[in-house]
Amino acid sequence: MWRLFCGLALAAALSDPAGAGSVTDFTLDNGLEVVVIEDHRAPVVVQMIWYRAGAADEERGVSGVAHFLEHLMFKGTEAVKSGEFSKTVEANGGSDNAFTSWDYTAYFQRIAADRLELVMRMEADRMRGLILSEDDWKTEREVIIEERNQRTDSDPGAIFGEQRRAAQYLNHPYGTPVIGWRHEMEALTRQNALDWYRRYYAPNDAVLVVAGDVRPEEVRKLAETYYGPIEPSQGIAPRQRPQEPPQLAERRLSYSDPRVSQPYVVRSYIAPERNPGDQKKAAALTILADLLGGDSQTSILARKLQFDTKVALYTGAGYDGTSYDPTTFNLYIVPAEGVSLDEAEKAMDGVLAGFISDGVDSDQFDRVKTRIRAAMIYSEDDVDGLARRYGEALTTGLTIADVQEWPQVLDQITQDEVVAAAKEVFDRRHSVTGWLMRQGEEEAMQ
């Protein structure tokens, strides 16, 4: 009876994927797009400002400048002195942070709902009012270089991933690390940061997302008061990035490091992204990733390689279609003791070939779909996650309608469409296969 009740409850929830609250959007006269997501279950609000500018929009030679400016945005304005932004948020019981990706840069605060005006005033102030002193930018440049030291240069897995990504994209800037290449980071200047700031930080190149215990009319009034007076920038044009030429040759690489504790194989394929009004292929790839490697116990790779043949300690698959330009579909295998990387890779390829030949098990297909739907429903309880979902979509070319239709698109995908997507994407000419090895043990892993 309890299982029946849970099943009925889940079915009811699936019929209303936006059940957490209504979504309202409007655009200010200066071009700022505003999205309001209501959730009145707790007196908390999240404000996120998303700029349609990320590492993939940088000019050649100044890699890392988008992330560099993200750090500098906390240095202060005439109204809010350097370092006071975060201190003020914290003093009012909130938290704040920022992040940069290839497609966007975002800043956010989570705070009591009655403090929304405070954080909106401060965020709008630094959209155009940033002040950078000589000491500020030099100190922060050292901070981001140290961040690279800690997160990339001291981690063989991170170095390996950076090298693989550079090999994957022959021409597109997705092959450049968000944090930047070290030699270019060391040459970044105050003027580089200011040029980036003045070019992209403008209301007509941004999306404001406010989620939580708010009303749309309240947010509109505050947005018009604080963001409304900011003049739009001239010359904001659609993104025109270098695109990939036809990829005609498989690429392979290996990286050895004495710090490697566990060798493994990774393969990535160029894959289509979600596109406005056309999300079916991305939905099929989303389901494919879950079928192959979404669960460490029941996925196809796990069952066949970890439990049946026991050639692997871990397997996985990943795909995220929320990307402005073509993205990647990734496969992973960590070999068991005594299994070489070559043997592990061949075993993985055998499973992929079998999947394409045999098709999808109907019961597993239904379970995966249910799990994906359920995860999306449960995520409605997280206002931060909801704000991120809309902000990320709107800065990668999607629309609010695309976000809201995504569950339905996923639900309509057929088994044949998943297999067709696998056949299209799993083209070795579009792939990069990487072996990560412990230095001194290369021969044993081949």
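The values are calculated or read from the model by the stated rules, or taken from the named source; none is laboratory data. Since this is a predicted model, take the numbers as computed values, not measurements. As a convention, Cβ positions derive from the backbone with ideal geometry for all residues, glycine included, and neighbour counts pool all protein chains shown. Quick note on the areas: whole protein, heavy atoms, side chains included, nothing else; ligands and nucleic acids left out. Shrake-Rupley method; radii C 1.70, N 1.55, O 1.52, S 1.80 Å.
Identify all residues within the stretch 146-160 that are part of a helix (DSSP H, G or I) and open to solvent by 20 Å² or more (accessible area, probe 1.4 Å); write none if there are none. Steps first, answer last, please.
Step one: of the stretch 146-160, the residues part of a helix (DSSP H, G or I) are 146-153, 156-160.
Glu146, Glu147, Asn149, Gln150, Arg151, Asp153, Gly157, Ala158, Ile159, listed by residue number.
Go through the stretch 415-430 and give me each residue that's surrounded by fewer than 13 Cβ atoms within 10 Å (Cβ to Cβ) and of a type outside the set (Lys, Arg). Walk me through how you get there before you give the answer.
Going residue by residue through the stretch 415-430, those that are surrounded by fewer than 13 Cβ atoms within 10 Å (Cβ to Cβ) are 416, 423, 427, 429.
Passing the criteria: Asp416, Asp427.
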Odd one out for Val178 among (1) assigned to a helix (DSSP H, G or I); (2) in contact (Cβ under 8 Å) with a residue 40 or more places away in the chain
(1)
Unique residue being open to solvent by less than 40 Å² (accessible area, probe 1.4 Å) and part of a helix (DSSP H, G or I) when the list is Leu130, Leu116
Leu116
If a residue has to be outside any loop (DSSP other than H, G, I, E, B) and open to solvent by less than 60 Å² (accessible area, probe 1.4 Å) to count, how many in the stretch 183-221 make the cut?
20
Failed item in (1) assigned to a helix (DSSP H, G or I); (2) at pLDDT below 95; (3) of a type outside the set (Lys, Arg), with Gln297 passing the rest:
(1)
Exactly one of Pro242, Pro238, Pro258 is farther than 30 Å from Glu442 by Cα and touching a residue at least 40 places away in the same chain (Cβ under 8 Å), and that residue is Pro242
Candidates Gln262, Gln247, Gln234, filtered to the one that is open to solvent by 10 Å² or more (accessible area, probe 1.4 Å) and more than 27 Å from the chain's Cα centre (by Cα):
Gln234
Residues of the stretch 399-414 being open to solvent by less than 30 Å² (accessible area, probe 1.4 Å) and either of a type in the set (A, V, I, L, M, F, W, C) or more than 29 Å from Phe99 (Cα to Cα) (or both), in sequence order, are Ile400, Val403, Trp406, Val409, Leu410, Ile413
Flagged in the stretch 373-387 as of a type in the set (Val, Ile, Thr) and touching a helix residue (DSSP H, G or I) at 6+ places or on another chain (Cβ under 6 Å), in numbering order, are Ile377
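Evaluate the stretch 161-172: report whether one residue or more is aromatic (Phe, Trp, Tyr), surrounded by 19 or more Cβ atoms within 10 Å (Cβ to Cβ) and not in a loop (DSSP other than H, G, I, E, B).
Applying the first criterion (aromatic (Phe, Trp, Tyr)) to the stretch 161-172 yields 169.
When the remaining residues are screened for being surrounded by 19 or more Cβ atoms within 10 Å (Cβ to Cβ), the result is 169.
Narrowing further to those that are not in a loop (DSSP other than H, G, I, E, B): none.
No; the residues of the stretch 161-172 include none that is aromatic (Phe, Trp, Tyr), surrounded by 19 or more Cβ atoms within 10 Å (Cβ to Cβ) and not in a loop (DSSP other than H, G, I, E, B).
Residue under question is Tyr319, and the condition is that it be among the aromatic types (Phe, Trp, Tyr) and open to solvent by 30 Å² or more (accessible area, probe 1.4 Å); does it hold?
Numbers: among the aromatic types (Phe, Trp, Tyr): yes; open to solvent by 30 Å² or more (accessible area, probe 1.4 Å): yes.
Spelling it out, Tyr319 is indeed among the aromatic types (Phe, Trp, Tyr) and open to solvent by 30 Å² or more (accessible area, probe 1.4 Å).
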Criterion: crowded, with 17+ Cβ neighbours inside 10 Å and not in a loop (DSSP other than H, G, I, E, B) - qualifying residue of Thr370, Thr433, Thr396:
Thr433
If we keep only residues of the stretch 84-112 that are among the charged types (D, E, K, R) and over 25 Å from the mean Cα position of the chain (by Cα), then the residue farthest from Ser63 (Cα to Cα) is Glu90
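Condition check ((1) open to solvent by 10 Å² or more (accessible area, probe 1.4 Å); (2) among the charged types (D, E, K, R); (3) touching a residue at least 60 places away in the same chain (Cβ under 8 Å)) across all residues:
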position	(1), (2), (3)
Leu331	no, no, yes
Asp349	yes, yes, no
Asp361	yes, yes, no
Ser379	yes, no, no
